[in-house]
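Inspection log for the structure reproduced underneath, given as C-alpha cells.
The values are calculated or read from the model by the stated rules, or taken from the named source; none is laboratory data. Since the structure is predicted, the reported quantities are computational estimates derived from the model, not experimental observations. When we count neighbours, we look across all protein chains shown, and the Cβ atoms used for this are built from the backbone with ideal geometry, even at glycine. For the accessible areas, the whole protein counts, side chains as well, though only heavy atoms, and no ligand, DNA or RNA atoms are used. Shrake-Rupley method; radii C 1.70, N 1.55, O 1.52, S 1.80 Å.
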Amino acid sequence: GGGRAGPGLSAVCLCCRERVRAMFYHAYEHYLESAFPYDELRPLTCDGQDTWGSFSLTLIDALDTLLILGNVSEFQRVVNVLQEGVDFDIDVNASVFETNIRVVGGLLSAHLLSRKAGVEVEAGWPCSGPLLRMAEEAARKLLPAFQTPTGMPYGTVNLLHGVNPGETPVTCTAGIGTFIVEFATLSHLTGDPVFEDVARKALKALWKNRSDIGLVGNHIDVITAKWVAQDAGIGAGVDSYFEYLVKGAILLQDKELMSMFLDYNKAIKNYTKFDDWYLWVQMYKGTVSMPVFQSLEAYWPGLQSLIGDVDNAMRTFLNYYTVWKQFGGLPEFYNIPQGYTVDKREGYPLRPELIESAMYLYRATRDPTLLELGRDAVESIEKISKVDCGFATIKDLRDHRLDNRMESFFLAETIKYLYLLFDPDNFIHNDGSDFDVVVTPYGECVLNAGGYIFNTEAHPIDPAALHCCRKRKEEHWEVEDLMREFYSLKKTKKFTLKRPSDPGEGESAKDPEDTEKAGEKRSPKKSSHSVLSCPSQSFNSKLAVLGQVFLDNT
C-alpha cells in the first residue's frame with residue numbers, strides 16, 4: 001500500500017517484478033511456440049498472423065526487453081535468427097510509421113545494446129554492424145514516402161515498389177512527426193544525413209502549418225498541406241509528434257525542437273486543458289469538439305515529467321488512474337462528463353501509456369501511489385487477459401470479453417515499463433556512475449552511461465552513441481590510411497604521439513564540445529592555437545584531430 005515504509009515497498013517491488021518477468025515468458029514462449037515467424041501471436045487460437053508487414057515483428061519488438069530482463073543468451077540467439085530470417089525485399093504494403101517505430105527502432109536499440117548483451121561485435125561498432133545494416137535497409141525502404149511537395153510522408157509504402165499509384169495523400173500528424181529519434185540516430189551512426197534531413201523537414205512542415213492559435217489537427221493532405229481532420233488534442237493521431245519534439249530535443253540537444261514543443265504546450269494548456277483533463281478542440285477556433293479522454297493520451301504525464309513539469313503531470317496522472325480503477329484497464333475512449341466508456345471504444349489492447357507515465361513519474365518523485373498502479377496493472381492483466389497461450393486484448397472492459405490478438409507492443413512496451421517501474425537498479429536507470437569506453441575508428445567513445453531515450457515503442461537509444469561516429473563517411477578511409485601509416489612507423493621506431501604544445505601525454509585532441517558531452521574531465525590548459533586552424537599539420541597532430549592519439553611507451 002501507499003503508506004508503507006521503505007522495506008515494505010521494496011518487497012512489493014520485488015514480488016511484482018518477478019510476476020512481470022513470469023508474464024513476459026508466458027507470452028514470449030507461446031509466441032515462439034505457436035506464432036513465429038508470423039508478426040503476432042493469436043492467443044485464443046494458439047497460432048500466428050502477419051499484421052504490420054511480415055517481419056517476425058514480435059521478435060524484433062521483444063529483443064531489447066530480453067536484455068532488460070537479463071537474458072543475454074536468448075538475446076544472442078534472436079540476433080542470429082533475425083540476421084538469417086528477416087527480409088525487407090518483399091511485396092508488402094507497410095505502414096511507414098509502424099515500420100519505423102517497431103522495426104527500425106527495435107533494430108537500432110538492439111544494435112546499440114549488442115555489446116552489453118555479450119554479442120561479439122565487429123571492429124567498427126557502433127558505427128557498423130549487422131543489425132545497424134538491417135535498420136538502415138528498412139529505413140531506406142521508407143524514404144520514397146517522403147518524396148512529396150511538402151516533405152510530409154505518405155502513410156503507406158510498398159517495400160518493393162515504393163509508394164503505390166493512387167495511394168491516399170492523407171496522413172495523421174503522428175505519422176508525419178514521429179521519425180526524428182530513429183532517423184537522426186541512423187544518420188549519426190551511418191554518416192548518411194538523408195534520414196535526419198527528411199525527418200526534420202517533415203517536423204518543420206507540420207510546424208509551418210499550425211493554426212493561428214498554435215494548434216495542429218489530426219490528419220493532413222501531404223500534397224496540398226490542407227488539414228482534413230481539424231481536431232486538435234494530445235491523443236490518437238497526434239500524440240507521438242509532441243513526444244518526438246521533446247525526445248528529439250533531448251537526444252540531439254536541439255533548442256529549436258524544444259522551443260517548438262514549448263509553444264505547442266502553451267496552446268494545449270490554453271485551449272484543451274480543463275481540470276487537469278485534456279479535451280479535443282477545433283484547431284482554428286479552440287472550441288471543444290470531443291470531451292473525451294483516450295487511453296493513448298496517458299503518455300502525456302510522462303512527457304511532462306521529462307520537461308520538469310512534475311506537479312501538473314501528477315495531477316493529470318491521478319485523473320487517468322481513477323479511470324483505470326473504475327474498469328481495471330483504460331478504455332480506448334472515455335467520456336469525461338458522463339464518466340463512462342464510449343460506444344465501440346470499450347476495449348483495452350494491453351496498452352503501455354499509463355504504465356510508461358508511472359515509470360517516469362516514479363523516477364522523478366518516488367511516490368508509492370505509482371507502484372500501486374503498477375501492481376493494479378499486473379493484477380488486472382493477469383486476471384482478465386491471461387489465457388493458456390499468452391495474453392489477449394480485452395475487447396470490452398465492461399464484461400471482460402477478449403479478442404484473439406496480442407499486439408507486439410505488449411512485450412516491447414507494457415512489460416518493459418512495468419519491469420522498469422519495479423526494478424530501480426536496472427542498467428537502464430544508470431545515473432552515469434557506470435559506463436563503458438569503446439575505441440572506434442574515430443576515437444574513444446563513452447557508452448552505456450544512462451540517459452537512454454525511449455522511442456515511442458519503448459526501444460531505448462543511448463544518446464552517447466550519436467557522438468561515436470561523428471566524422472563523415474569519406475573521412476573514415478582517411479583515418480584507416482593514417483592508422484596503417486602509424487602502424488608501419490611503429491614497427492620501425494618506438495615513439496609517443498603528442499599534439500604540439502600539449503601539456504600532458506596521451507590526451508586526445510578532441511573538440512571541447514565532444515569532451516564535455518562525453519562527461520570526461522580534461523586539463524583546463526589549452527595549446528596556444530587551435531589544432532584545427534593550422535594551415536598545415538604534422539602527421540601526429542592530424543591523427544589526433546581525426547581520432548585517437550596512440551601511445552607507445554614500451
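I need the full set of residues from region 201-223 which are within 14 Å of Thr171 (Cβ to Cβ), open to solvent by 10 Å² or more (accessible area, probe 1.4 Å) and assigned to a loop (DSSP other than H, G, I, E, B), in order please. Passing the criteria: Asn209, Asn218, Ile223.
When you go through Asp311, Asp343 one by one, which is the residue that is open to solvent by 50 Å² or more (accessible area, probe 1.4 Å), part of a loop (DSSP other than H, G, I, E, B) and charged (D, E, K, R)? Full working, then the answer.
On the way: Asp311 fails: part of a loop (DSSP other than H, G, I, E, B).
The match here is Asp343.
Just checking, does region 21-43 include any residue being in a loop (DSSP other than H, G, I, E, B), surrounded by fewer than 17 Cβ atoms within 10 Å (Cβ to Cβ) and touching a residue at least 40 places away in the same chain (Cβ under 8 Å)? Taking every residue of region 21-43 in turn, at least one turns out to be in a loop (DSSP other than H, G, I, E, B), surrounded by fewer than 17 Cβ atoms within 10 Å (Cβ to Cβ) and touching a residue at least 40 places away in the same chain (Cβ under 8 Å).
Mind checking which residues of region 161-200 are open to solvent by 10 Å² or more (accessible area, probe 1.4 Å), farther than 19 Å from Glu136 by Cα and not in a strand (DSSP E or B)? Within region 161-200, Asn164, Pro165, Gly166, Glu167, Thr168, Pro169 qualify.
Applying the condition of being in contact with a strand residue (DSSP E or B) (Cβ under 9 Å, 6 or more places away or on another chain) and in a helix (DSSP H, G or I) to region 346-390 and asking which residue is nearest to Gly302 (Cα to Cα) yields Glu356.
Taking the stated definitions as given, is Arg140 farther than 29 Å from Arg470 by Cα and open to solvent by 30 Å² or more (accessible area, probe 1.4 Å)? No, not satisfied. Could you grab me the full set of residues in region 413-425 that are surrounded by fewer than 16 Cβ atoms within 10 Å (Cβ to Cβ) and not charged (D, E, K, R)? Listed by number, the list holds a single entry, Pro424.
Scanning region 189-236 for residues that are of a type in the set (S, T, N, Q) and within 24 Å of the chain's Cα centre (by Cα) turns up Thr190, Asn218.
Scanning region 143-160 for residues that are touching a residue at least 40 places away in the same chain (Cβ under 8 Å), farther than 23 Å from His111 by Cβ and surrounded by fewer than 23 Cβ atoms within 10 Å (Cβ to Cβ) yields a count of 8. Residues in region 95-126 that are in a loop (DSSP other than H, G, I, E, B) and open to solvent by less than 20 Å² (accessible area, probe 1.4 Å): Ser114, Ala117, Gly124, Trp125, Pro126.
Pairs meeting the criteria (first residue in region 233-244 and closer than 18 Å to Arg351 by Cα and hydrophobic (A, V, I, L, M, F, W, C), second residue assigned to a helix (DSSP H, G or I) and open to solvent by 10 Å² or more (accessible area, probe 1.4 Å), beta carbons under 7 Å, at least 6 apart or on different chains) are Ala236/Leu296. Could you say whether any residue in region 291-300 is within 26 Å of the chain's Cα centre (by Cα) and open to solvent by 30 Å² or more (accessible area, probe 1.4 Å)? Yes, region 291-300 has at least one match.
Asn71 fulfils the conditions (1) within 24 Å of the chain's Cα centre (by Cα); (2) among the polar types (S, T, N, Q); (3) over 18 Å from Asn426 (Cβ atoms) except for a single criterion, (3). Looking across Phe435, Phe410, one residue alone is surrounded by 18 or more Cβ atoms within 10 Å (Cβ to Cβ) and aromatic (Phe, Trp, Tyr). It is Phe410.
Among the residues of region 229-244, those identified as touching a Phe, Trp or Tyr at 6+ places or on another chain (Cβ under 6 Å) and either over 23 Å from Val288 (Cα atoms) or in a loop (DSSP other than H, G, I, E, B) (or both) are Gly233, Ile234. Of all residues in region 245-286, those satisfying the criterion of being open to solvent by less than 10 Å² (accessible area, probe 1.4 Å) and in a strand (DSSP E or B) are Tyr278, Trp280, Val281.
Scanning region 233-244 for residues that are hydrophobic (A, V, I, L, M, F, W, C) and open to solvent by less than 30 Å² (accessible area, probe 1.4 Å) gives Ile234, Val238, Phe242. Working only within region 50-66, note down all residues that are open to solvent by less than 10 Å² (accessible area, probe 1.4 Å) and at pLDDT 95 or above. Across region 50-66, the qualifying residues are Leu57, Thr58, Leu59, Ile60, Asp61, Ala62, Leu63, Asp64, Thr65, Leu66. Evaluated against (1) within 30 Å of Asn404 (Cβ to Cβ); (2) in a helix (DSSP H, G or I); (3) in contact (Cβ under 8 Å) with a residue 60 or more places away in the chain, Val323 falls short on exactly one condition, (3).
One residue stands out among those in region 68-94 that are in a helix (DSSP H, G or I), touching a residue at least 40 places away in the same chain (Cβ under 8 Å) and open to solvent by 30 Å² or more (accessible area, probe 1.4 Å): the one that is farthest from Glu137 (Cα to Cα), which is Val72. Residues that are outside any loop (DSSP other than H, G, I, E, B), touching a residue at least 60 places away in the same chain (Cβ under 8 Å) and open to solvent by less than 30 Å² (accessible area, probe 1.4 Å) were ranked within region 391-407; the one that is farthest from Arg351 (Cα to Cα) is Phe391.
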